[in-house]
Amino acid sequence: MDLRFRDVEPTEEERAAVDALLGPPASAWEGGPRTDADLRVAARAERSRDLLLPALHAVNDRVGWVSEGALDYICRRLTVPPAEAYGVASFYSLLSLEPRPARVLHVCTDLACQARGGDEVRRRVEERLGPPGEGWQPSPCLGLCERAPAALALEAGETPRATVYGPATAAEPAAHDETDGPVTDGPVTDGPVTDGPVASGPVASGPVTGWRDEETCEPAAEAAVPQAGRPELVLLRRIGVVDPASLDDYRAHGGYAALRRALRLGPAGVIREVLESGLVGRGGAAFPTGRKWDATARRPDHPHYLVCNADESEPGTFKDRVLMEGDPYALVEAMTVAAYATGCAKGYLYIRGEYPRATRRLEHAIATARARGLLGGDILGHGFSFDIELRRGAGAYICGEETAIFNSIEGYRGEPRSKPPFPVEKGLFGKPTVVNNVETLVNVLPILEHGAQAYAAVGTKESTGTKLFCVSGTVDKPGVYELPFGATLRDLLDLARPVGTLRAVLLGGAAGAFVTDPDVPLTFEGTRQAGATLGSGVVLVLNDTVDLKAILLRIAEFFRDESCGQCVPCRVGTVRQEEALHRLSGRVDQRDLLLLREVGRTMRDASICGLGQTAWNAVESAIDRLGVYS
Amino acid sequence: MPLQPPRRLVDVEIDGETVRVPEDATVLDACAAAGKDVPTLCHGDTLTPKNACRVCVVEVAGARTLAPACSRKVEAGMSVGTDTERARHSRKVVLELLASSVDLSTTPRAAEWIAEYGAEPGRFGEQAATVAQPPKVDNDLYVRDYGKCILCYKCVDACGEQWQNTFAIAVAGRGFDATISTEFDAPLTDSACVYCGNCVEVCPTGALSFKSEFDMRAEGTWDESRQTRTTTICSYCGVGCNLTLHVQENKIVKVTSPHDNPVTHGNLCVKGRFGYGYV
């Protein structure tokens with residue numbers, strides 16, 4: 001490609017950050033020093049556009065923002081047009097294209113935090129640090145809902161640091177500009193990771209963050225699991241029981257039994273088990289996992305890719321974080337099983353940029369598994385090779401959409417693709433791809449360990465197995481709960497103990513719906529019948545002290561912020577929805593309600609992806625079932 | 001013209017009428033074959049549609065959502081409604097959303113469609129957010145008036161790998177704040193732009209226009225009814241690109257190129273597009 005660069009030089013620090021990821025430049029064509037040899041050869045390295053986001057992260061982590069010189073250098077190294085790289089960098093909210101302080105505080109302003117005093121934290125932070133943009137910014141849900149109100153400080157530097165505050169008492173996050181001691185109310189501290197040898201992998205799957213583990217003294221993952229240690233748990237059974245940093249401990253607790261059984265069954269046998277188990281996707285769409293695997297495995301086009309969607313960003317969702325932090329090897333094993341069944345040699349684990357601890361734990365787990373021969377070539381002597389590359393998101397809800405995640409990994413803007421073609425036909429890099437949520441994959445382990453029959457015996461006919469629920473809001477015991485399908489909302493609330501007079505429950509997150517009937521069965525068919533959705537398992541409990549209109553406004557604001565801007569119904573519709581809700585919170589006008597309905601129906605019918613299609617769900621249910629504006 | 005491999009024909013039902021189209025045709029092709037006039041904005045005859053504008057949505061029987069006619073491929077036995085209440089409703093609201101946020105005054109047929117679908121862009125109120133902004137005039141050849149931009153991606157595709165391979169512009173930002181931009185929003189003169197004007201050729205709204213047209217519109221002297229179009233061959237090099245000269249009062253006011261020309265498909269270079277001063 002004949003590209004025109006802007007010839008702005010990067011600083012030494014920026015150059016070092018990029019070179020640490022990509023290695024030194026091979027020639028002047030890639031931005032290295034000019035030699036006589038360069039003048040004789042015009043050939044250059046292959047394009048490696050998919051490293052664009054990791055390279056942007058590298059600079060952003062080191063310097064705090066991406067300058068013109070840094071962008072230009074990245075573009076030279078990767079053969080990416082600067083205009084396109086700028087378009088990609090400006091897509092993600094964690095990246096900045098303007099100078100800013102090294103330490104930026106992200107204050108969660110989303111639903112669960114709003115229900116627990118997030119506004120007050122925001123106000124106090126603003127008092128201390130001034131208007132948003134400088135040292136802090138409001139953030140969509142940080143996935144720390146059980147510790148609401150929450151905040152996350154990201155500090156750029158040679159060793160970038162991430163500090164989690166939760167619950168953030170109003171003054172603390174802002175006050176801790178200079179000191180190192182993070183603030184938590186939780187008594188449990190997270191010990192440093194110590195484990196066997198860590199192999200250095202290929203360039204791209206080397207350390208992604210470099211965050212030091214001892215920095216965080218946040219409560220251990222099991223603090224988010226009120227049922228931790230209980231014998232009836234299936235997916236959460238190892239959380240708080242096993243040392244998340246130890247592969248030996250994982251194996252001592254039944255780890256890698258599922259992979260061994262899978263290798264005995266063969267790929268077709270694994271798919272048959274998964275099909276018979278009745279497992280459906282837990283990410284929200286509830287598509288049968290076995291059918292997805294089968295369709296991919298049968299595609300003659302190769303290579304096949306596996307993508308684990310760990311970009312958990314639905315407001316109120318934090319189950320995948322808890323799974324990854326508390327039992328990271330389970331995900332590594334489950335991905336290996338999925339790859340074996342579907343014939344993938346390479347898997348991408350796309351994890352949310354706002355999950356520093358989960359990223360660190362998985363980085364470590366992947367490296368350890370690779371060092372012990374559980375990833376890489378010839379796994380367990382079966383001639384099957386598979387490896388996982390960890391990719392970090394950079395602050396975009398839309399990248400959790402199953403096709404947007406492909407564009408993000410490939411180094412393009414995280415815009416959803418239109419379907420058909422579906423991922424099983426043309427997914428990542430245009431090849432057949434299986435994309436599964438973390439929770440879905442982890443379900444594969446009990447299916448293989450105990451057999452499809454045993455798995456399907458739990459739950460209802462259409463919803464088999466157990467389900468994780470993220471309970472937050474006005475409850476005494478927020479956290480991740482695991483219940484067999486068939487339990488009702490009341491059963492769940494009995495465990496989490498709502499505080500005050502229950503007003504409504506938001507099921508499924510911002511893209512879900514409000515319900516008021518506690519007897520609604522928490523199954524895919526039961527919630528569908530009740531005109532709601534399980535979505536990603538969000539159960540946000542709201543009592544009568546919570547301002548529902550403010551919650552609706554926040555939902556509208558969330559979708560407006562997170563719309564990728566590709567299609568008109570969503571790009572403009574989410575803005576019009578927010579405007580109408582602003583007017584309605586002042587004065588109820590039937591014309592605005594009609595307008596909301598018409599715009600909402602169009603977003604649902606005509607948007608490209610699920611974001612636009614569901615942006616009106618929660619507002620509609622609040623109007624129809626809770627009578628918010630009547 | 002090289003011969004195409006033989007293609008199977010499939011039967012598709014459009015508004016109850018069966019039409020037979022090649023198997024890789026789009027629903028829009030089938031609609032055209034059935035004589036239906038489906039509005040389109042982001043669809044371009046020489047580009048792969050981005051299906052971002054959603055004014056061409058139709059109702060495919062059995063589908064959960066509406067489908068963009070411009071890019072959905074036909075399938076045998078597919079039953080499509082182009083004029084159902086659901087499709088018309090979405091088109092109406094999409095036109096309202098567009099017209100309330102973007103200046104559509106130079107978009108061909110926009111006013112006609114707004115009347116046809118009964119769209120009322122004014123109902124979002126005076127305070128409704130728009131993308132209004134001053135035009136970017138940073139060179140002598142063409143003007144970027146992004147207050148008229150519907151973000152159809154056609155200019156980006158034409159500048160990028162579908163046509164020109166120059167990559168001077170891309171979509172930047174996100175959501176309602178997304179815009180077409182060079183890197184760091186630099187002026188075109190500092191960008192990779194080679195002034196081929198192929199982005200102007202494909203712009204469906206007049207957000208990109210020739211400086212000559214922009215100035216004449218500002219003076220109020222632009223009058224397409226008084227213009228003649230003459231297609232000729234570019235005299236610069238041996239490729240033989242077709243030029244269509246738009247002439248008003250014996251002066252060339254802009255140069256386009258026929259999209260059905262098998263050599264160029266409407267593409268020109270800076271000389272053919274702008275180098276007519278010698279005439």
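Restricting attention to the range A:440-474, the residues that are in contact with a strand residue (DSSP E or B) (Cβ under 7 Å, 6 or more places away or on another chain) and hydrophobic (A, V, I, L, M, F, W, C) add up to 7. Do we have any residue at all in the range B:3-14 that's in a loop (DSSP other than H, G, I, E, B) and under 21 Å from the mean Cα position of the chain (by Cα)? Scanning the range B:3-14, I find no residue that is in a loop (DSSP other than H, G, I, E, B) and under 21 Å from the mean Cα position of the chain (by Cα), so the answer is no.
Scanning the range B:128-151 for residues that are within 14 Å of another protein chain (Cβ to nearest Cβ) and among the small types (Gly, Ala, Ser), which turns out least open to solvent (accessible area, probe 1.4 Å)?
The selected residue is B:Ala128.
Suppose we filter A:Asp624, A:Asp561 for residues that are open to solvent by 20 Å² or more (accessible area, probe 1.4 Å), in contact (Cβ under 8 Å) with a residue 12 or more places away in the chain and either assigned to a loop (DSSP other than H, G, I, E, B) or of a type in the set (D, E, K, R) (or both); which single one remains? Reasoning before the result, please.
Working: A:Asp624 fails: in contact (Cβ under 8 Å) with a residue 12 or more places away in the chain.
Exactly one of A:Asp624, A:Asp561 is open to solvent by 20 Å² or more (accessible area, probe 1.4 Å), in contact (Cβ under 8 Å) with a residue 12 or more places away in the chain and either assigned to a loop (DSSP other than H, G, I, E, B) or of a type in the set (D, E, K, R) (or both), namely A:Asp561.
When A:Glu84, A:Glu98, A:Glu12 are checked against the criterion of being within 14 Å of chain B (Cβ to nearest Cβ), surrounded by fewer than 17 Cβ atoms within 10 Å (Cβ to Cβ) and either at positive phi or not β-branched (Val, Ile, Thr) (or both), A:Glu98 stands alone in meeting it. Can you confirm whether B:Gly35 is more than 14 Å from chain A (Cβ to nearest Cβ), open to solvent by 60 Å² or more (accessible area, probe 1.4 Å) and either over 25 Å from A:Gln566 (Cα atoms) or in contact (Cβ under 8 Å) with a residue 24 or more places away in the chain (or both)? When the stated conditions are applied, B:Gly35 passes them. For the range A:573-588, check the following and say yes or no: at least one residue is assigned to a helix (DSSP H, G or I), facing another protein chain (nearest Cβ under 8 Å) and either over 20 Å from B:Arg123 (Cα atoms) or modelled with pLDDT under 95 (or both). The answer is no; no qualifying residue exists. Residues in the range A:69-81 that are within 11 Å of chain B (Cβ to nearest Cβ) and either among the hydrophobic types (A, V, I, L, M, F, W, C) or closer than 17 Å to B:Tyr153 by Cα (or both): A:Leu71, A:Cys75, A:Val80, A:Pro81.
Any idea how many residues of the range A:112-163 are open to solvent by less than 10 Å² (accessible area, probe 1.4 Å) and of a type in the set (Val, Ile, Thr)? Number of matching residues: 2. Where the second residue is at pLDDT 95 or above and hydroxyl-bearing (Ser, Thr, Tyr) and the first is over 21 Å from A:Glu312 (Cα atoms) and lies in the range A:434-457, which pairs have Cβ atoms under 8 Å and are six or more apart or on separate chains? Final answer for the pair search is A:Pro446/A:Tyr455; A:Ile447/A:Ser277; A:Ile447/A:Tyr455; A:Ala452/A:Ser277; A:Tyr455/A:Ser277; A:Tyr455/A:Thr464; A:Ala456/A:Ser277; A:Ala456/A:Thr464.
Here A:Ala83 passes the criteria (1) touching a residue at least 24 places away in the same chain (Cβ under 8 Å); (2) part of a helix (DSSP H, G or I); (3) not β-branched (Val, Ile, Thr) except the one numbered (1). Scanning the range A:371-406 for residues that are among the basic types (Lys, Arg) and buried (at least 21 other Cβ atoms within 10 Å of the Cβ) yields a total of 2. Across the range A:43-61, a minimum of one residue is classified as assigned to a loop (DSSP other than H, G, I, E, B), without any contact (Cβ under 8 Å) to a residue 60 or more places away in the chain and among the aliphatic types (A, V, I, L, M). A single entry from B:Glu120, B:Glu112 fulfils the requirement of being more than 27 Å from A:Glu579 (Cβ to Cβ) and at pLDDT 95 or above: B:Glu112.
Across the range B:85-114, what is the total count of residues that are within 12 Å of another protein chain (Cβ to nearest Cβ), open to solvent by 40 Å² or more (accessible area, probe 1.4 Å) and in contact with a Leu (Cβ under 9 Å, 6 or more places away or on another chain)? Counting residues in the range B:85-114 that are within 12 Å of another protein chain (Cβ to nearest Cβ), open to solvent by 40 Å² or more (accessible area, probe 1.4 Å) and in contact with a Leu (Cβ under 9 Å, 6 or more places away or on another chain) gives 1. Taking the listed residues A:Gly531, A:Gly500, A:Gly508, the one that is buried (at least 19 other Cβ atoms within 10 Å of the Cβ) and small (Gly, Ala, Ser) is A:Gly508, with no other qualifying.
Looking only at the range A:554-572, residues that are facing chain B (nearest Cβ under 7 Å) and of a type in the set (Lys, Arg) come to 2 in all. Residue check: is B:Ser79 away from every other protein chain (no Cβ under 12 Å), among the polar types (S, T, N, Q), open to solvent by 10 Å² or more (accessible area, probe 1.4 Å) and touching a residue at least 24 places away in the same chain (Cβ under 8 Å)? Criteria met by B:Ser79.
The values are calculated or read from the model by the stated rules, or taken from the named source; none is laboratory data. Source: prediction; values computed, not measured. A quick note on method: Cβ atoms are made from the backbone with ideal geometry, for glycine too, and the neighbour counts reach across all protein chains shown. Side chains included, ligands, DNA and RNA excluded: accessible areas come from the protein's heavy atoms. Shrake-Rupley method; radii C 1.70, N 1.55, O 1.52, S 1.80 Å.
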